[in-house]
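Working notes, structure below.
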Amino acid sequence: MKKAQMRRQGWIEVVTGVMFSGKSEELIRRIRRALIAGRQVQLFKSHLDDRYSGKFQISSHDGRTIDAEPISDSNELRAKILPTTEVVAIDEAQFLDDGITQVVELLAMAGKRVIVVGTDMDFRGEPFGPMGALLARAEEVTKLTAICVVCGERATRNQRLIDGKPATVDGPTIQVGGAESYEARCRDCHEVLDQPKGKLGLDEANL
């Protein structure tokens with residue numbers, strides 16, 4: 001009897017963190033290394049993100065770009081995966097539906113390396129879309145930080161601005177924008193107008 005052939009093991013990598021922390025740069029770096037290694041790569045991005053290079057490219061804040069295919073949801077992603085693909089990369093995953101978690105799991109189980117990139121918290125400081133579930137399932141997590149524009153400390157929050165002032169808590173969760181609409185800030189300098197006491201509704205005096 002022939003020895004059963006072992007299936008190549010897949011895995012999930014998540015690159016996350018605040019805006020302006022270099023997530024797209026890190027994604028581009030990993031993709032280019034995979035291409036140098038001769039891997040078959042497919043790169044996708046949410047169709048909502050067309051801020052810098054249009055909908056068919058991923059662009060870092062320092063100007064580097066790489067071609068990517070826009071997708072609207074997890075079903076579209078699943079339909080576009082080719083059997084020969086070895087590495088699947090997904091940028092701006094926070095904008096996709098919750099079904100992306102199951103698709104990513106299936107891809108990893110099929111032996112593919114899956115790189116997922118997205119902002120883990122929305123402007124309120126709460127988990128953003130499917131990112132929490134993706135982080136929990138990843139074999140490897142890289143969380144990047146930026147520099148707080150107010151105090152210069154490590155930034156872990158996305159500060160949304162409306163006409164230069166902090167946004168109110170009842171604003172839409174998804175609002176695509178760049179430096180004109182967002183800043184990187186630390187926990188102490190992050191502001192959300194009309195948010196309950198203790199930011200998350202906690203009575204900090206009793207902690």
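The values are calculated or read from the model by the stated rules, or taken from the named source; none is laboratory data. This one's a predicted model, so the numbers in the text were calculated from it and none came from an experiment. Virtual Cβ from ideal backbone geometry, glycine too; neighbours counted across all protein chains shown. Calculation scope for accessible area: heavy atoms of the full protein, side chains included, ligands and nucleic acids excluded. Shrake-Rupley method; radii C 1.70, N 1.55, O 1.52, S 1.80 Å.
Does the stretch 92-123 hold any residues that are among the basic types (Lys, Arg) and open to solvent by 30 Å² or more (accessible area, probe 1.4 Å), and which are they? Step through it out loud before you land on a result.
Here is the first cut: in the stretch 92-123, the ones among the basic types (Lys, Arg) are 112-113.
Once the filter is applied, which keeps residues that are among the basic types (Lys, Arg) and open to solvent by 30 Å² or more (accessible area, probe 1.4 Å), the stretch 92-123 yields only Arg113.
Inspect the stretch 38-47 for any residue being on the phi < 0 side of the Ramachandran plot, of a type outside the set (Phe, Trp, Tyr), modelled with pLDDT of 95 or more and open to solvent by 60 Å² or more (accessible area, probe 1.4 Å) and give the result as yes or no.
Yes: the stretch 38-47 contains one or more residues that are on the phi < 0 side of the Ramachandran plot, of a type outside the set (Phe, Trp, Tyr), modelled with pLDDT of 95 or more and open to solvent by 60 Å² or more (accessible area, probe 1.4 Å).
Given Glu126, Glu86, which one is open to solvent by 50 Å² or more (accessible area, probe 1.4 Å), charged (D, E, K, R) and out of contact with any Ser or Thr (no Cβ under 8 Å at 6 or more places or on another chain)?
On the way: Glu86 fails: open to solvent by 50 Å² or more (accessible area, probe 1.4 Å).
Of Glu126, Glu86, the one residue that is open to solvent by 50 Å² or more (accessible area, probe 1.4 Å), charged (D, E, K, R) and out of contact with any Ser or Thr (no Cβ under 8 Å at 6 or more places or on another chain) is Glu126.
Among the numbered criteria (1) open to solvent by 50 Å² or more (accessible area, probe 1.4 Å); (2) modelled with pLDDT of 90 or more; (3) out of contact with any Asp or Glu (no Cβ under 8 Å at 6 or more places or on another chain); (4) acidic (Asp, Glu), which one does Glu139 miss?
Answer for Glu139: the failing condition is (3).
So which pairs qualify, if the first residue must be in the stretch 147-176 and more than 9 Å from Arg124 (Cα to Cα), the second must be polar (S, T, N, Q) and in a loop (DSSP other than H, G, I, E, B), the Cβ gap must be under 7 Å, and the two must be at least 6 apart or on different chains?
The qualifying pairs are Arg154/Thr145; Ala155/Thr145; Thr156/Thr145; Leu161/Ser181; Gln175/Ser181.
So which strands (runs of 3 or more DSSP E) stay within the stretch 69-118 end to end and still have 1 or more residues that are of a type in the set (Lys, Arg)? If you could, list the steps in order and put the result at the bottom.
On the way: elements: 69-71, 87-91, 113-118.
Output list reads 113-118.
Considering each of Glu140, Glu105 in turn, give the residue that is within 16 Å of the chain's Cα centre (by Cα) and in contact (Cβ under 8 Å) with a residue 40 or more places away in the chain.
Glu140
Given the structure, is Val117 closer than 18 Å to Leu43 by Cβ and touching a strand residue (DSSP E or B) at 6+ places or on another chain (Cβ under 8 Å)? Give the steps one after another, and end with the answer.
Numbers: closer than 18 Å to Leu43 by Cβ: yes; touching a strand residue (DSSP E or B) at 6+ places or on another chain (Cβ under 8 Å): yes.
Against the criterion (closer than 18 Å to Leu43 by Cβ and touching a strand residue (DSSP E or B) at 6+ places or on another chain (Cβ under 8 Å)), Val117 qualifies.
Looking at the stretch 172-207, which of its residues are surrounded by 12 or more Cβ atoms within 10 Å (Cβ to Cβ), in a loop (DSSP other than H, G, I, E, B) and at pLDDT 85 or above?
If the condition is that a residue be surrounded by 12 or more Cβ atoms within 10 Å (Cβ to Cβ), in a loop (DSSP other than H, G, I, E, B) and at pLDDT 85 or above, then Ser181, Cys186, Arg187, Cys189, His190, Glu191, Val192 are the ones that fit.
Please determine whether any residue of the stretch 150-161 is of a type in the set (A, V, I, L, M) and crowded, with 18+ Cβ neighbours inside 10 Å.
So in the stretch 150-161, the residues of a type in the set (A, V, I, L, M) come out as 150, 155, 161.
Among the residues that remain, those that are also crowded, with 18+ Cβ neighbours inside 10 Å are: 155.
Yes - at least one qualifying residue is present in the stretch 150-161.
Which residues, counting only those in the stretch 137-153, are of a type outside the set (D, E, K, R) and more than 19 Å from Phe95 (Cβ to Cβ)?
Of everything in the stretch 137-153, those that are of a type outside the set (D, E, K, R) and more than 19 Å from Phe95 (Cβ to Cβ) turn out to be Val141, Thr142, Thr145, Ala146, Ile147, Cys148, Val149, Val150, Cys151, Gly152.
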